[in-house]
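The values are calculated or read from the model by the stated rules, or taken from the named source; none is laboratory data. From a predicted model like this one, the values you see are computed outputs, not experimental measurements. As a convention, Cβ positions derive from the backbone with ideal geometry for all residues, glycine included, and neighbour counts pool all protein chains shown. Protein only, heavy atoms only, side chains kept; ligands, DNA and RNA dropped before computing areas. Shrake-Rupley method; radii C 1.70, N 1.55, O 1.52, S 1.80 Å.
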Amino acid sequence: MRRTYRGSCHCGAVTFEADLDLTQPSYRCNCSICRRTRFWPAVAMPAAFRLLGGEDDLVEYLFHSRRNKHYFCRHCGVRPFGIGTDTPVGVMYGVNIGCLEDVPEETLAAIPITHVDGLHDRFASPQYTAHL
Ligand SMILES: [Zn+2]
C-alpha cells in the first residue's frame, strides 16, 4: 500500500516527504557510488517526492555519464535521495529507505530487494549480490 513517509538525513538539516509503496521492489546496486555508500533506494516519481527543508544544505555530485544526480547533506554526509534522469521509467527519485522515519524494523526487513548491475550499466541482476 502506498503511503506518505517522512525522511531526513542524520543531522536533520535535510527533510523530505515521499509517497512510497514499500511492498514494491527497492534496489541495491553494485555501481561505484552505491557500493561505497550502501545506498538502498525505493523509487518515487517526481510528483511523489517533496523536499521539505535543507535545499541549501544539499550538495550535488555528478560523475561518469552525469545522468544520475547524487545528493549529500553537507553537514552529516548522508545521501537522502538521488535523481535518475535517464531510467526505464524516465525521471525518477531514488529515496534512501535508511532515511525514512518511524518505519518498523519488521517492515524494513520485509521490503523486497531487486539487485541492479550498475557497474556494467545494466538494469539487471549482477552475478554477485550477497555483498550488496
Ligand atoms: Zn545532514
*Odd one out for residue 94 among (1) closer than 18 Å to residue 132 by Cβ; (2) in a helix (DSSP H, G or I); (3) touching a residue at least 24 places away in the same chain (Cβ under 8 Å)*: (2)
_Condition (residue is assigned to a strand (DSSP E or B), modelled with pLDDT under 95 and either basic (Lys, Arg) or within 17 Å of the chain's Cα centre (by Cα) (or both)) applied to region 99-112: is it met by at least one residue?_
no
_Checking residue 42 against (1) out of contact with any strand residue (DSSP E or B) (no Cβ under 6 Å at 6 or more places or on another chain); (2) small (Gly, Ala, Ser); (3) assigned to a strand (DSSP E or B), the condition it does not meet_ = (1)
_Residues within region 4-39 that are more than 16 Å from the ligand (Cβ to nearest atom), in contact (Cβ under 8 Å) with a residue 40 or more places away in the chain and not in a loop (DSSP other than H, G, I, E, B), tallied_ = 10
_Subset of region 31-71 (residues that are in contact with a helix residue (DSSP H, G or I) (Cβ under 9 Å, 6 or more places away or on another chain), of a type outside the set (Val, Ile, Thr) and surrounded by fewer than 20 Cβ atoms within 10 Å (Cβ to Cβ))_ = 31, 32, 35, 38, 61, 63, 64, 70
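Looking at region 72-100, which of its residues are within 16 Å of the ligand (Cβ to nearest atom), of a type outside the set (A, V, I, L, M, F, W, C) and open to solvent by less than 40 Å² (accessible area, probe 1.4 Å)?
Within region 72-100, the first condition is being within 16 Å of the ligand (Cβ to nearest atom), and the residues that meet it are 72-82, 95-96, 98-100.
Next, only the ones that are of a type outside the set (A, V, I, L, M, F, W, C) stay: 74-75, 77, 79-80, 82, 96, 98.
Within region 72-100, 79, 80, 82, 96 qualify.
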